[in-house]
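Notes follow the structure.
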Amino acid sequence: MLASKLYCPTLREIPAEAEVISHKYMLKAGMIRKNAGGIYTFLPLGRRVVRKIENIVRQEMDASGAQEIMMPIVQPADIWHESGRWNAYGPEMFKLKDRHNNNYCLGPTHEELITTLVRNELRSYKQMPLTLYQMQNKYRDEIRPRFGLMRSREFVMKDAYSFDVDEEGLHANYENMYNAYTRIFTRCGLNFKPVQADSGQIGGNRTHEFMALAAAGEADVVSCTVCNYAANIEKAIPKTLELAHDTEKEAELIATPNCATIEELVNLLHISIEKTIKAVAFTIDGKKTVLCMVRGDHEVNDVAVQRIVGGNDIQPATEEELKVHGLQPGYMSPINADIPENETFFILVDPTAMNISNGVTGANKHGYHYINVNPKRDFKNMTVATIRLITEADVCPACGAPIEIVHGIEVGQVFELGTKYSEALHATFLDQNGKAKPYVMGCYGVGVTRTMAAVIEQFNDDNGIIWPVSIAPYEAAIIPVSTKDASMVEIAATLYHTLCQHHVDVILDDRNERAGVKFNDADLIGYPVRITIGKKSIAEHTVEIKTRRTGAEEVIRIENAAARIQ
Ligand code: ATP
Ligand code: MG
Ligand code: MG
Ligand code: MG
């Protein structure tokens, strides 16, 4: 590639909205441009990085025995109704209608689609195990799209789904994918940690998240300083549960939400609140859950609540009243996503109002919201438990050693789903005895575009990005210090062609710019290796090779350059 031909509009000023380094540098280096909140175009350099990550993911998926397919982005609503997730998925789902008024969504994930895809054709135990995957844009209307590619509304995900005849097969597949993920993120050059995770919205059993450790990470990881225990704080929290009315069942219920940190809960509820607030959980009539928050040292009754209870005779709130509380009719957070629609009720109370008698309750259904709720009066047999937030003062639940809490970017996740979707969608196969059984499934996601951002978060300096060779847009840049000098231009061009012949991904900076400008751009864009052609190249037949990561410079003979770079 010739730099003079490259479409790479670099910026002098970084837009103020870019808060994290990956977002700043991707804009500045002309790799991405924003089209709408959380929606981006990938310009040539950015696209090249994404493709390199995709290639690594594809190679490792193929090597692990998974087969690539491509499913539609637009998914019909009926399969989501069948699984019970059309409403349960909540406002994160982009929904649309066709001209005949049929409902569709833009796929946030593909469990429904793939399960209904194979259910009539993957009929026999002889056809399993089977793992299918795709690499594609996903759509999630995130509450707060931010940090550029880290939390966008359109992003590239690799999603894989495994089908097994039994749990044993699933475990083997899970290991297989876990190992493939380890290879993928290692090859991408990331410093990462697989951590135990909460199965949350998607349901299921065993799950790990692959966390790229970085200050900008939105997830908190509890990590032991001695043993290899590492868990998402969402998963780690229930271990420090203090139950006011202690029952095993409550502990289980409280372990289910996938937003156990207050901050996350607050984000989900669209409310602002100080950090001093505690989370509280209730069970009602022994079977339903409530999550609520208590301000500071106030009594448990002073609550902001996320609640699931049975029917009651309180008056529904109007849309206007809900708006006052920042709520949407039919609002539902993923916390309660697995509760069937007709059984699910929430109470949401604006914590700043601090008056429980002004509570707003709501269901995940239009017209099922109430105001002036008083939980004690209106919902009987309530018991209370307190979740204490985990801090660095806690110890490792595995070995008792001190823990640390570090930030992580979730770049991938592997799940053992079990039969959750196959049962809901009546997707069965015939076992050896001719008996119909639901597939035992797993699902496995890699955030391809998020991985690009995570790598930059980990590898950068004041001058720009420092790409690992494996995913750099170009592996090396050749810079003739003057394009007015015909010999330099010729040496540069010859070396460029030699490197191309050796399959080095190389760019020749043939622009008529000052050397300083070219050096700065090379540092900003982050080419792993810079090859400078200067006066000595003519006089002594040498070039200067500079490694971006270490800053180390070496002078070598031109004819050795290709071998050195490869
Ligand atoms: P998060 O906890 O950050 O919201 P998630 O758990 O909802 O992510 P998954 O459903 O596990 O995401 O999707 C698989 C992968 O897709 C994630 O591990 C992540 O790398 C990526 N991903 C998810 N949401 C986004 C997003 N909004 N922008 C970019 N990548 C995303
Ligand atoms: Mg999410
Ligand atoms: Mg997550
Ligand atoms: Mg996840």
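General observations
Conditions (1) surrounded by 17 or more Cβ atoms within 10 Å (Cβ to Cβ); (2) in contact (Cβ under 8 Å) with a residue 12 or more places away in the chain, marked per residue:
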residue: Asn101; (1), (2): no, no
residue: Leu106; (1), (2): yes, yes
residue: Thr109; (1), (2): yes, yes
residue: Leu117; (1), (2): yes, yes
residue: Arg123; (1), (2): no, yes
residue: Gln127; (1), (2): no, yes
residue: Arg140; (1), (2): yes, yes
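- Unmet requirement for Thr449, which otherwise passes all of (1) over 30 Å from Glu112 (Cβ atoms); (2) polar (S, T, N, Q); (3) crowded, with 20+ Cβ neighbours inside 10 Å: (1)
- Region 221-247 - residue that is more than 21 Å from the chain's Cα centre (by Cα) and in a strand (DSSP E or B) and, of those, modelled with the highest pLDDT: Cys224
- Among the conditions (1) within 16 Å of ligand 1 (Cβ to nearest atom); (2) at pLDDT 95 or above, the only one that Arg48 does not satisfy is (1).
- Scope region 153-192; condition assigned to a loop (DSSP other than H, G, I, E, B), farther than 29 Å from Ile456 by Cα and among the hydrophobic types (A, V, I, L, M, F, W, C); matching residues: Val165
- When the strands (runs of 3 or more DSSP E) confined to region 406-507 are screened for residues that are touching a strand residue (DSSP E or B) at 6+ places or on another chain (Cβ under 8 Å) and farther than 30 Å from Glu218 by Cβ, those reaching at least 2 such residues are found at 428-430, 436-438, 476-480.
- Test: Ala522 is buried (at least 17 other Cβ atoms within 10 Å of the Cβ), assigned to a helix (DSSP H, G or I) and aliphatic (A, V, I, L, M): yes
- Against the numbered list (1) touching an Asp or Glu at 6+ places or on another chain (Cβ under 6 Å); (2) over 30 Å from Glu167 (Cα atoms); (3) among the aliphatic types (A, V, I, L, M), Leu425 comes up short only at (2).
- So Met135, is it in a strand (DSSP E or B), among the aliphatic types (A, V, I, L, M) and within 16 Å of ligand 4 (Cβ to nearest atom): no
Condition check ((1) more than 30 Å from Ala180 (Cα to Cα); (2) within 16 Å of ligand 3 (Cβ to nearest atom); (3) over 22 Å from the mean Cα position of the chain (by Cα)) across all residues:
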residue	(1), (2), (3)
Ile14	yes, no, yes
Glu17	yes, no, no
Met31	no, no, no
Ile56	no, no, no
Val74	no, no, no
Tyr89	no, yes, no
Lys97	yes, no, yes
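- Summed over region 73-102, the residues that are more than 16 Å from ligand 1 (Cβ to nearest atom) and under 19 Å from Asp159 (Cα atoms) give a count of 3.
- Consider region 138-152 and keep the residues that are within 16 Å of ligand 4 (Cβ to nearest atom) and part of a strand (DSSP E or B). The one that is nearest to Lys95 (Cα to Cα) is Tyr139.
- Meets criteria (in a loop (DSSP other than H, G, I, E, B) and either touching a residue at least 12 places away in the same chain (Cβ under 8 Å) or out of contact with any helix residue (DSSP H, G or I) (no Cβ under 9 Å at 6 or more places or on another chain) (or both)) for Gly65: yes
- For the residues Tyr174, Tyr133, Tyr181, Tyr139, the requirement of being of a type in the set (Phe, Trp, Tyr), out of contact with any Asp or Glu (no Cβ under 7 Å at 6 or more places or on another chain) and more than 14 Å from ligand 3 (Cβ to nearest atom) singles out Tyr181.
- Val455 of a type in the set (A, V, I, L, M), under 16 Å from Val50 (Cα atoms) and either within 16 Å of ligand 2 (Cβ to nearest atom) or touching a residue at least 60 places away in the same chain (Cβ under 8 Å) (or both): yes
- Considering region 206-220, the residues that are within 12 Å of ligand 1 (Cβ to nearest atom) and either free of Cβ contacts under 8 Å to residues at least 12 places away in the same chain or outside any loop (DSSP other than H, G, I, E, B) (or both) include one that is nearest to Gly169 (Cα to Cα), namely Thr207.
- Residues that are within 16 Å of ligand 3 (Cβ to nearest atom) and either at positive phi or outside any helix (DSSP H, G or I) (or both) within region 107-127 comprise Pro108, Thr109, listed in sequence order.
The values are calculated or read from the model by the stated rules, or taken from the named source; none is laboratory data. Remember, it's a predicted structure, so these values are computed and weren't measured experimentally. Glycine gets a Cβ as well: all are built from the backbone with ideal geometry, and neighbour counts include every protein chain shown.
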